[in-house]
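Step one of this worksheet: look at the structure below.
Readers should treat all values here as calculations from the given coordinates under stated rules, not as data from a laboratory. No experiment lies behind these values; they were computed from the predicted model shown. Cβ: placed from backbone, ideal geometry, glycine included. Neighbour counts: every protein chain shown.
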Amino acid sequence: MASPVITPRPSRSIAGPVVLILIGVLFLLMTLGVLNRYSLLELYSRYWPAVLILWGVIKLIEHERSKQAGLPARGIGAGGVFLALFIVLTGLSATQFVRVWPNIKDHIQIGDNEDFEDFFGRSTFDYSDELSKEFPVGGTLRINNERGAVTINVADDSHMLKVSARKKIRAEKREEADRYNEKTKPAITVNDKIVTLNANTQGAGDKGVTTDIDVYVPRNVGLVITDRRGDVTITGVSGNAAINHQRGDDLM
């Protein structure tokens, strides 16, 4: 009686575990503070096809080794198909989200003291700045603030412009917030009779910086205020005021 032919079983694929290890390393970097949640999302949105390429290369190597050893090659399997679909769907979703997020975030508000970025788990760090500049007689003040409230009051000294800035920066840790703070210092520039106050909230890029500024000006100054997101309050100023913003209230 002939002995039954035993077909050797192919070895298990390591493609799935390697991909899981790679994803686990990224999440470990996030929990250690090396990457914040949004940075991890950005990284995944750009490089998720590399995960599929890595998985495919591993499967190809395993297929060639099985052929050389005379063993049947293991197919992708239901688990592999599910993993590939998961990577593709989450990758495409992350890519689309990162593309549209800069255009929609300034139109989203969760509550009076909350912001959508809080859902990324960032802490809030507070900073302050004081600025002053001699104001030219008959001059016009231009204020640019991407994100934060602007409050205008009449100064005690009619020849000086004084600014008090209160800044909130969202970051994973204090060292990161300190770097963003140095890049987002408000600045005053003078060109003849045009004085420009720039809150500079975009100085560190798209980093969740909000600056509320209290500005003390001569009574008869002309104002041109651009504030994309924040209330504008003007008290006691008799000069003309032009306000341009996308979201917030005007109180005069």
Stretch gain in nm, segment His159-Thr196, where the contour uses 0.36 nm per residue and the Cα spacing is subtracted: 11.8 nm
If you take the beta carbon distance between Ile188 and Ser123 as r and set R0 to 45 Å, what does 1/(1 + (r/R0)^6) give as a FRET efficiency, to the nearest 0.05? 0.90
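Find the percent of Cα-Cα distances in segment 191-249 that exceed 13 Å, and round it to a whole number. Walk me through the numbers before you get to the answer.
Numbers: 1169 of 1711 pairs.
So the pairs more than 13 Å apart make up 68 percent of the total in segment 191-249.
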note: segment 146-252, Cα-Cα separations exceeding 22 Å make up a percent value of 32
Of the residues Val150, Gly139, Ala171, the Cα lying farthest along the dipole of segment 135-179 towards its positive end, which is defined by charges on the beta carbon of Lys, Arg, Asp and Glu, belongs to Ala171
Simple SL model, points at 7 angstrom along Cα→Cβ for Arg46 and Lys133; separation in nm is 3.5
Can you compute the FRET efficiency between Phe97 and Arg179 using 1/(1 + (r/R0)^6), with r the Cβ-Cβ distance and R0 = 25 Å? Round to the nearest 0.05. 0.50
Could you name the lysines whose alpha carbon sits less than 17 Å from that of Lys67, not counting residues in the same chain fewer than 8 places away? Lys59
